[in-house]
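**Q** What follows is a structure written as C-alpha coordinates; I'll ask about it next.
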(Lines give C-alpha, C1' and ligand atoms only; values in the text may rest on other atoms or scores of the structure.)
Protein backbone atom coordinates (compact mmCIF):
# COMPACT_ATOMS: atom_id res chain seq x y z
CA UNK A 1 0.00 0.00 0.00
CA UNK A 2 1.44 3.37 -0.94
CA UNK A 3 0.90 6.47 1.13
CA UNK A 4 -1.95 8.80 0.28
CA UNK A 5 -1.89 12.46 -0.61
CA UNK A 6 -5.23 14.27 -0.53
CA UNK A 7 -6.31 17.89 -0.76
CA UNK A 8 -9.42 18.90 1.23
CA UNK A 9 -12.10 20.92 -0.54
CA UNK A 10 -11.49 24.05 1.55
CA UNK A 11 -7.79 24.12 0.66
CA UNK A 12 -8.24 24.57 -3.08
CA UNK A 13 -10.01 27.73 -4.20
CA UNK A 14 -7.99 28.78 -7.23
CA UNK A 15 -5.84 26.93 -9.72
CA UNK A 16 -2.91 29.25 -8.89
CA UNK A 17 -3.09 28.18 -5.23
CA UNK A 18 -2.95 24.57 -6.34
CA UNK A 19 0.06 25.13 -8.59
CA UNK A 20 1.96 26.85 -5.78
CA UNK A 21 1.44 23.96 -3.36
CA UNK A 22 1.87 21.06 -5.80
CA UNK A 23 5.65 21.25 -6.43
CA UNK A 24 6.20 19.36 -3.15
CA UNK A 25 5.18 16.29 -5.18
CA UNK A 26 7.66 14.99 -7.76
CA UNK A 27 8.43 11.94 -9.86
CA UNK A 28 10.74 10.76 -7.09
CA UNK A 29 7.69 10.14 -4.86
CA UNK A 30 7.30 6.61 -6.20
CA UNK A 31 5.06 5.54 -3.31
CA UNK A 32 2.39 8.16 -4.08
CA UNK A 33 -0.74 6.22 -5.07
CA UNK A 34 -3.38 8.88 -5.70
CA UNK A 35 -4.30 12.56 -5.57
CA UNK A 36 -7.98 13.00 -4.71
CA UNK A 37 -9.39 16.37 -5.80
CA UNK A 38 -12.94 15.14 -6.37
CA UNK A 39 -14.40 17.43 -3.67
CA UNK A 40 -12.63 20.58 -4.86
CA UNK A 41 -13.64 23.35 -7.27
CA UNK A 42 -10.71 22.76 -9.62
CA UNK A 43 -11.44 23.92 -13.20
CA UNK A 44 -8.47 23.64 -15.55
CA UNK A 45 -6.86 21.67 -18.39
CA UNK A 46 -5.71 18.32 -17.02
CA UNK A 47 -2.56 16.78 -18.44
CA UNK A 48 0.61 14.90 -17.50
CA UNK A 49 3.08 16.60 -19.86
CA UNK A 50 5.21 19.61 -18.97
CA UNK A 51 3.23 22.80 -18.50
CA UNK A 52 0.08 21.11 -17.24
CA UNK A 53 -1.28 21.05 -13.70
CA UNK A 54 -0.20 17.47 -12.89
CA UNK A 55 3.15 17.37 -14.68
CA UNK A 56 4.98 16.83 -11.38
CA UNK A 57 2.73 13.97 -10.21
CA UNK A 58 4.05 10.46 -10.98
CA UNK A 59 2.16 8.96 -13.92
CA UNK A 60 1.49 5.81 -11.89
CA UNK A 61 -0.50 7.82 -9.33
CA UNK A 62 -4.24 8.07 -9.85
CA UNK A 63 -5.54 11.65 -10.15
CA UNK A 64 -9.25 12.19 -9.40
CA UNK A 65 -10.82 15.47 -10.52
CA UNK A 66 -14.45 16.66 -10.66
CA UNK A 67 -16.63 17.01 -13.76
CA UNK A 68 -16.02 20.31 -15.57
CA UNK A 69 -12.28 19.94 -16.19
CA UNK A 70 -10.81 19.44 -19.66
CA UNK A 71 -8.53 16.51 -20.47
CA UNK A 72 -5.51 16.93 -22.74
CA UNK A 73 -5.23 13.92 -25.08
CA UNK A 74 -6.73 11.48 -22.53
CA UNK A 75 -3.82 11.45 -20.05
CA UNK A 76 -3.25 8.16 -18.25
CA UNK A 77 -4.60 7.46 -14.77
CA UNK A 78 -6.88 10.51 -14.58
CA UNK A 79 -10.43 9.96 -13.31
CA UNK A 80 -12.82 12.67 -14.53
CA UNK A 81 -15.95 12.43 -12.40
CA UNK A 82 -16.28 8.65 -12.30
CA UNK A 83 -14.67 7.70 -15.65
CA UNK A 84 -11.01 7.00 -16.44
CA UNK A 85 -10.37 7.00 -20.20
CA UNK A 86 -6.84 5.59 -19.99
CA UNK A 87 -5.85 3.40 -17.02
CA UNK A 88 -2.28 2.07 -16.90
CA UNK A 89 -1.07 -0.40 -14.24
CA UNK A 90 2.59 -1.24 -13.66
CA UNK A 91 3.87 -4.28 -11.80
CA UNK A 92 6.58 -2.15 -10.18
CA UNK A 93 4.27 0.60 -8.91
CA UNK A 94 1.65 0.47 -6.12
CA UNK A 95 -1.94 1.19 -7.08
CA UNK A 96 -4.77 2.45 -4.87
CA UNK A 97 -8.18 3.92 -5.69
CA UNK A 98 -10.24 5.71 -3.00
CA UNK A 99 -13.36 5.78 -5.20
CA UNK A 100 -15.16 3.49 -7.64
CA UNK A 101 -14.75 4.42 -11.30
CA UNK A 102 -15.21 3.07 -14.82
CA UNK A 103 -12.04 2.42 -16.85
CA UNK A 104 -12.67 2.60 -20.60
CA UNK A 105 -9.19 1.50 -21.73
CA UNK A 106 -6.77 -0.51 -19.58
CA UNK A 107 -3.14 -1.46 -20.24
CA UNK A 108 -0.92 -3.29 -17.76
CA UNK A 109 2.29 -5.26 -17.29
CA UNK A 110 1.14 -6.67 -13.97
CA UNK A 111 1.12 -10.41 -13.24
CA UNK A 112 -2.32 -11.19 -11.83
CA UNK A 113 -1.62 -14.93 -11.60
CA UNK A 114 0.16 -14.39 -8.28
CA UNK A 115 -3.01 -13.11 -6.59
CA UNK A 116 -4.36 -15.25 -3.79
CA UNK A 117 -7.33 -17.43 -4.64
CA UNK A 118 -9.11 -16.02 -1.59
CA UNK A 119 -8.84 -12.45 -2.84
CA UNK A 120 -12.22 -10.78 -2.51
CA UNK A 121 -13.96 -8.92 -5.29
CA UNK A 122 -17.10 -6.85 -5.67
CA UNK A 123 -19.03 -4.96 -8.27
CA UNK A 124 -17.82 -1.41 -8.78
CA UNK A 125 -21.37 -0.32 -9.54
CA UNK A 126 -24.78 -1.93 -9.71
CA UNK A 127 -26.10 -2.62 -13.20
CA UNK A 128 -28.52 0.06 -14.36
CA UNK A 129 -31.13 -0.10 -17.10
CA UNK A 130 -32.03 2.87 -19.30
CA UNK A 131 -35.81 3.24 -19.38
CA UNK A 132 -37.68 5.32 -21.95
CA UNK A 133 -41.21 6.63 -21.63
CA UNK A 134 -43.82 8.09 -23.97
CA UNK A 135 -45.96 9.50 -21.19
CA UNK A 136 -45.37 11.68 -18.13
CA UNK A 137 -43.86 9.49 -15.41
CA UNK A 138 -42.99 10.24 -11.81
CA UNK A 139 -40.00 8.41 -10.29
CA UNK A 140 -38.46 8.26 -6.81
CA UNK A 141 -36.01 5.82 -5.24
CA UNK A 142 -37.54 3.50 -2.65
CA UNK A 143 -36.89 0.20 -0.86
CA UNK A 144 -37.38 -1.82 -4.07
CA UNK A 145 -35.30 0.07 -6.65
CA UNK A 146 -33.15 3.14 -7.27
CA UNK A 147 -34.08 5.64 -9.96
CA UNK A 148 -31.83 8.21 -11.60
CA UNK A 149 -32.58 11.33 -13.63
CA UNK A 150 -30.14 13.07 -15.97
CA UNK A 151 -28.47 16.24 -14.64
CA UNK A 152 -27.52 18.53 -17.55
CA UNK A 153 -25.15 20.56 -15.38
CA UNK A 154 -22.91 17.62 -14.42
CA UNK A 155 -23.57 15.30 -17.35
CA UNK A 156 -24.39 12.42 -15.00
CA UNK A 157 -27.46 10.51 -13.85
CA UNK A 158 -28.22 11.48 -10.23
CA UNK A 159 -30.31 9.40 -7.79
CA UNK A 160 -33.89 10.63 -7.44
CA UNK A 161 -34.27 10.89 -3.67
CA UNK A 162 -37.32 13.13 -4.13
CA UNK A 163 -40.12 12.68 -6.66
CA UNK A 164 -38.92 13.66 -10.15
CA UNK A 165 -41.01 14.07 -13.31
CA UNK A 166 -39.87 12.42 -16.54
CA UNK A 167 -41.58 13.90 -19.59
CA UNK A 168 -42.67 11.97 -22.71
CA UNK A 169 -39.82 10.76 -24.95
CA UNK A 170 -37.24 11.23 -22.20
CA UNK A 171 -35.38 8.51 -20.31
CA UNK A 172 -34.27 7.61 -16.80
CA UNK A 173 -32.13 4.91 -15.17
CA UNK A 174 -33.47 2.10 -12.99
CA UNK A 175 -31.03 0.18 -10.78
CA UNK A 176 -30.99 -2.07 -7.67
CA UNK A 177 -31.30 -0.50 -4.24
CA UNK A 178 -27.54 -0.90 -3.61
CA UNK A 179 -26.67 1.32 -6.59
CA UNK A 180 -24.25 4.26 -6.18
CA UNK A 181 -25.50 7.84 -5.89
CA UNK A 182 -24.73 8.69 -9.53
CA UNK A 183 -23.76 7.21 -12.89
CA UNK A 184 -21.47 8.74 -15.50
CA UNK A 185 -22.43 8.17 -19.13
CA UNK A 186 -19.81 7.19 -21.71
CA UNK A 187 -21.19 7.44 -25.26
CA UNK A 188 -19.86 5.10 -27.91
CA UNK A 189 -19.57 5.74 -31.64
CA UNK A 190 -20.72 2.16 -32.27
CA UNK A 191 -24.52 1.99 -32.73
CA UNK A 192 -26.32 -0.46 -30.48
CA UNK A 193 -29.06 -1.08 -33.04
CA UNK A 194 -30.38 0.23 -36.31
CA UNK A 195 -33.93 -0.20 -37.56
CA UNK A 196 -34.78 0.10 -41.20
CA UNK A 197 -36.73 3.24 -42.05
CA UNK A 198 -40.23 2.48 -43.25
CA UNK A 199 -41.16 4.33 -46.41
CA UNK A 200 -44.67 4.56 -47.80
CA UNK A 201 -46.27 2.39 -45.13
CA UNK A 202 -49.54 3.00 -43.31
CA UNK A 203 -49.26 2.56 -39.56
CA UNK A 204 -52.34 4.66 -38.67
CA UNK A 205 -50.50 6.29 -35.77
CA UNK A 206 -51.67 9.75 -34.74
CA UNK A 207 -49.18 12.59 -34.24
CA UNK A 208 -49.79 16.20 -33.25
CA UNK A 209 -48.45 19.09 -35.33
CA UNK A 210 -45.20 19.05 -33.29
CA UNK A 211 -44.54 15.44 -34.30
CA UNK A 212 -45.40 13.93 -30.90
CA UNK A 213 -47.28 10.64 -30.86
CA UNK A 214 -50.83 10.83 -29.52
CA UNK A 215 -52.23 7.67 -27.95
CA UNK A 216 -55.78 8.90 -27.39
CA UNK A 217 -56.61 11.50 -30.04
CA UNK A 218 -59.62 13.74 -29.48
CA UNK A 219 -61.05 16.59 -31.52
CA UNK A 220 -58.41 18.48 -33.43
CA UNK A 221 -55.90 18.40 -36.27
CA UNK A 222 -53.44 15.47 -36.45
CA UNK A 223 -50.97 13.88 -38.84
CA UNK A 224 -51.73 10.28 -39.81
CA UNK A 225 -49.71 8.36 -42.40
CA UNK A 226 -48.06 11.59 -43.50
CA UNK A 227 -51.35 13.44 -44.05
CA UNK A 228 -53.28 16.00 -42.01
CA UNK A 229 -56.50 14.60 -40.54
CA UNK A 230 -59.18 16.60 -38.73
CA UNK A 231 -61.14 14.80 -36.03
CA UNK A 232 -64.55 16.36 -35.30
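**Q** Hey, among 33, 88, 40, 107, which residue is in contact with a helix residue (DSSP H, G or I) (Cβ under 7 Å, 6 or more places away or on another chain) and either under 26 Å from residue 154 (Cα atoms) or not assigned by TED's automatic domain parsing to the domain that holds residue 155 (or both)? So that I can check it myself, show each step before the final result.
**A** Working: 33 fails: in contact with a helix residue (DSSP H, G or I) (Cβ under 7 Å, 6 or more places away or on another chain); 88 fails: in contact with a helix residue (DSSP H, G or I) (Cβ under 7 Å, 6 or more places away or on another chain); 107 fails: in contact with a helix residue (DSSP H, G or I) (Cβ under 7 Å, 6 or more places away or on another chain).
Result of the check over 33, 88, 40, 107: 40.
**Q** Going residue by residue through region 109-123, is there one that turns out to be in contact with a strand residue (DSSP E or B) (Cβ under 7 Å, 6 or more places away or on another chain), at pLDDT below 80 and surrounded by fewer than 16 Cβ atoms within 10 Å (Cβ to Cβ)?
**A** So far as region 109-123 goes, yes, one or more of its residues are in contact with a strand residue (DSSP E or B) (Cβ under 7 Å, 6 or more places away or on another chain), at pLDDT below 80 and surrounded by fewer than 16 Cβ atoms within 10 Å (Cβ to Cβ).
**Q** Being in a loop (DSSP other than H, G, I, E, B), under 16 Å from the mean Cα position of the chain (by Cα) and either surrounded by fewer than 16 Cβ atoms within 10 Å (Cβ to Cβ) or in the same structural domain as residue 156 (by TED's automatic domain parsing) (or both) is the filter here; which residues of region 43-80 pass it?
**A** Listed by number, the residues that qualify are 68, 74.
The values are calculated or read from the model by the stated rules, or taken from the named source; none is laboratory data. Computed from a predicted structure; not experimentally measured. Using ideal geometry, Cβ is built from the backbone for each residue, glycine included, and neighbour counts are taken over all protein chains shown.
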